[in-house]
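Following: one structure in structure tokens, then a few remarks.
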Ligand code: NAD
Ligand code: UDP
């Protein structure tokens, strides 16, 4: 049986990925220190004998006896408020965590896939962003801890590929949303949904003219699966090119929840990218992939998840 190790597997994306890998017939080892993850995300998977969970910080070396065919490195704080609160852990998991997991891949002869990010493009000067764009990142700004950790991780992955012949993949993930996001992780999707469902004002940062392009989690996981199965070593963008302003996004959430108070503007965070849209021509050509779930359908599923969650456990302040 194929065995895949997923770091950060108890997080939002990692748990969906574990589920998909099990569905593809893999045995799955999930490694997570639960720093931003949630055991409830993987609880339903624990009934499957092919699934195992190791609570471990991947910045510390890990020794595993079993054969491993794939390593998918998803461990990292991912929301701006998480990585601003955990700057050193974020730098360490992108650097030491990537080095340690590449070491496991080399020892086991495993394929390696890095979860990188659109943040490697920083506040982009090229629009939409193709993989060939080198980015516009402030290394010493508050977001630098995340952006530079991921840029270092990409460089490390390419070095292991070139030096040791490791079979590697890099996925540059653009804003992805869906069930199992943490209600208070501060990212715009769970924040606006929670605020709207609780009848609070939606907190739009700045004038809300900055843009993002939101991808539903099932589409992302399909793109990652296809990338893993491909023979592409260079980075590939996976995201939904449907771009909108944050203000338009707030209006969509208000319409679909039928709730929420007025929009309340707050200061724009430092170095918040003004525009973001993936150029997905490479993913289309190499993987035959493009997103299938329109924003409305994805948001309806996500809102239903949060309604159910809040009915069971009201969000903590
Ligand atoms: P998340 O916070 O839900 O998941 C991250 C997981 O990594 C958590 O379970 C956390 O406990 C774990 N983790 C963090 N540091 C660790 C360490 N040192 N050792 C072991 N586990 C550790 O976030 P997510 O949105 O699921 O993001 C997953 C990955 O995808 C991250 O690498 C992130 O950078 C990348 N990504 C996500 C998005 C997105 O829109 N969701 C966009 C770009 C990139
Ligand atoms: N944002 C906002 N209100 C919030 C949270 C975020 O207006 O309560 C904005 C944020 O400034 C950014 C966009 O929404 O322009 C997306 O933010 P998020 O934290 O989801 O991800 P980012 O793309 O910045 O990593």
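Computed from the coordinates by the stated procedures, all read-outs in this text should not be read as laboratory data. All figures in this text were calculated on a predicted structure; none of them were measured in a lab. Neighbour counts are summed over all protein chains in view; Cβ atoms, including those assigned to glycine, are modelled from backbone coordinates with ideal geometry.
Angle, helix 295-312 long axis vs. longest principal axis of the chain, Cα atoms, 0 to 90°, nearest 10? In the chain, helix 295-312 runs at an angle near 90 degrees to the longest axis. Each label was represented as a point 7 Å from its Cα along the Cα-to-Cβ direction; for residue 138 and residue 55 these points are 3.8 nm apart. Just so you know, the Rg over Rh for the stretch 131-267 is 1.04, from Cα atoms, with Rh as the Kirkwood radius. Restricting the calculation to Cα atoms, every distinct pair contributes to the Kirkwood radius of the stretch 79-199, found to be 15.8 Å.
If R0 equals 41 Å, the separation of the Cβ atoms of residue 313 and residue 231 corresponds to a calculated FRET efficiency of about 0.40. Each of residue 96 and residue 167 was given a label point 7 Å from its Cα along the Cα-to-Cβ line. The distance between the two points is 3.1 nm. Output the antiparallel fraction of DSSP beta bridges having both residues in the chain, as a percent to the nearest 5. Taking every DSSP beta bridge within the chain, about 10 percent pair in antiparallel fashion.
Taken over the stretch 275-317, the convex hull of the Cα atoms encloses 129 Å³ per residue.
Counted over the stretch 1-87 with a bin width of 5 Å, the fraction of Cα pairs per bin, in whole percents, is 3, 15, 28, 24, 17, 8, 4, 1.
The convex hull drawn around the Cα atoms of the stretch 191-258, when projected onto a plane and averaged over every direction, covers 5.8 nm². Using the empirical formula 2.2 N^0.38 Å as the baseline, the Cα radius of gyration of the stretch 23-132 reaches a ratio of 1.20. Estimated from the Cβ-Cβ distance and a Förster radius of 25 angstrom, the FRET efficiency linking residue 242 and residue 24 is about 0.35.
When the chain is treated as a Gaussian network with alpha carbon springs shorter than 10 Å, the biggest mean-square fluctuation among 93, 31, 204 belongs to 204.
Computed log10 I(q)/I(0) for the stretch 198-317 at 0.14 Å⁻¹: -0.75, from the Debye equation with unit scatterers placed on every C-alpha and solvent omitted. Once the convex hull of all Cα atoms in the stretch 107-169 is built, its volume per residue stands at 93 Å³. Roughly how tilted is helix 12-23, in degrees to the nearest 10 and between 0 and 90, from the longest Cα axis of the chain? It works out to around 50 degrees. Computed over the stretch 246-317, the P(r) curve from all C-alpha pair distances, binned at 10 Å from the origin, holds 13, 30, 36, 18, 3 percent per bin. Tell me the angle of helix 87-108 to the major Cα principal axis of the chain, expressed in degrees between 0 and 90 and rounded to the nearest ten. The angle comes out near 30 degrees. Rounded to two decimals, the Cα radius of gyration of the stretch 152-215 over 2.2 N^0.38 Å is 1.68. Rounded to the nearest whole angstrom, the semi-axes of the ellipsoid equivalent to the chain, taken from the Cα gyration tensor as √(5λ), stand at 30, 22, 18, largest first.
Enter the Cα centre distance for the pair the stretch 1-80 and the stretch 225-276, rounded to the nearest angstrom. Computed from Cα coordinates, the inter-centre distance equals 25 Å.
Label separation (residue 290 vs residue 270): 4.0 nm, computed from points 7 Å beyond Cα along the C-beta direction.
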